[in-house]
Amino acid sequence: RRLAPRAMFRRNLGTGGQLLSWVWRRQIREPRSLVVLCDISGSMERHSRLLLRFVQALSAASEVRTESFVFGTRLTRVTRLLRDRDRDRALARVSDSVNDWAGGTRIGESFRTFNQHWARRSLRTSGVVLVVSDGWDRGDPALVATETARLRRNCHRLVWLNPLAGTPGYQPLAGGMRAAYPYIDDFLPAGTVASLERLGEILGGVRATDTRRGSEAASHAALPGTVGPTVDGVPGIVGGATIDPSAPRPLA
């Protein structure tokens, strides 16, 4: 136990500064902030609106500080737009505010923009990052690996939602998905209400004592000056199964 000197002196001002009562520090638990990076490219058009609805509901019904971004060929912050109480109007404003809705995808460039301009102010090493993307990417896979590793080091937990992950026989072999996969803590399916309910349960179970299940060695392998990612650990998957990135197997 540790004393709280400022609170103790303030409480004892009425006795002329005589310390008649002791005040001790106590641990205060606060929810971790949540950052959502949602892919709005053409391949994600079917799922983007549902997942943005989920982000809206999460922001409105929870005390968790939530920052929202969408990306296609570039990153756009939409936190304020999604605060509109009219859900349909909010999504319409998001669609009008970006120029790359249902366009191409550049995951590496978008992650780099977030790491350079938004990570410090929105994460501060204690937030949870939720990426929503199918992993299809037109950019450089090496850049995706480097920036995903950097993003992983900047947050407490990196969760990736992939609408294709629930498909029987799915394998994470797309260029962007394969490059980012070694640095993900939790790889989950998305696209249905049931999967989002499962995600809510998982996020509700995240505690400060949780350990990172991703490979720290893999994260540092993508630092500038190194070549290619090396992986010792694999992320957790809904249902308790694991996937070896060197020999992908179907997800149930």
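Worth pointing out:
- Taking a point 7 Å from the Cα of Thr167 along the Cα-to-Cβ direction, the residues of the range 32-76 with backbone N closer than 16 Å to it are 41-48.
- Cα-Cα P(r), the range 17-134, percent of pairs per 5 Å interval: 2, 11, 20, 21, 17, 10, 4, 3, 3, 3, 2, 2, 1, 0
- Note on Ile202: accessible area approximately 50 square angstrom, rounded to 10, probe 1.4 Å, nucleic acids and ligands left out.
- Length gained when the stretch Ala57-Leu3 is fully extended (0.36 nm per residue, less Cα-Cα span): 15.4 nm
- Amide H partners (placed H, <5 Å) of Val23, local residues excluded: Ala4
- Residue order for Asp84, Asp185 - accessible surface, 1.4 angstrom probe, largest first: Asp84, Asp185
- Positive minus negative residues near Arg121 (Lys, Arg vs Asp, Glu; Cβ under 13 Å): +3
- Dividing the mean sequence gap of close Cα pairs (under 8 Å, 6+ apart) by how many residues the range 1-90 holds gives a relative contact order of 23 percent.
- For the range 33-84 and the range 111-154, distance of Cα centres in Å: 15 Å
- At R0 = 30 Å, FRET efficiency that the Cβ-Cβ distance of Glu201 and Arg49 yields, to 0.05: 0.85
- Distances between placed amide hydrogens fall under 5 Å for Glu67 paired with Leu34, Val35, Val36, all partners being 5 or more residues away or on another chain.
- Potential lengthening of the chain between Leu19 and Arg93 amounts to 20.8 nm, from the contour at 0.36 nm per residue minus the alpha-carbon distance.
- Karplus-based coupling profile of the range 85-95, in residue order and whole Hz: 5, 7, 4, 5, 5, 5, 5, 5, 5, 5, 4, with θ = phi - 60° in 6.51 cos²θ - 1.76 cosθ + 1.60 and x standing for Gly or Pro.
- Annotation: amide H-H contacts under 5 Å for Ala165 (H modelled 1.01 Å from N, sequence separation of 5 or more, or interchain): Ala190.
- Whole-Hz Karplus values for the range 184-189 come out as 8, 7, 10, 10, 10, x Hz, taken residue by residue from phi with 6.51 cos²θ - 1.76 cosθ + 1.60 and θ = phi - 60°; glycine and proline positions read x.
The values are calculated or read from the model by the stated rules, or taken from the named source; none is laboratory data. Predicted, not measured: the structure shown is a model, and the values here were computed from it. As a convention, Cβ positions derive from the backbone with ideal geometry for all residues, glycine included, and neighbour counts pool all protein chains shown. Each accessible area value is taken on the protein alone, full model and side chains, heavy atoms only, with ligands, DNA and RNA left out. Shrake-Rupley method; radii C 1.70, N 1.55, O 1.52, S 1.80 Å.
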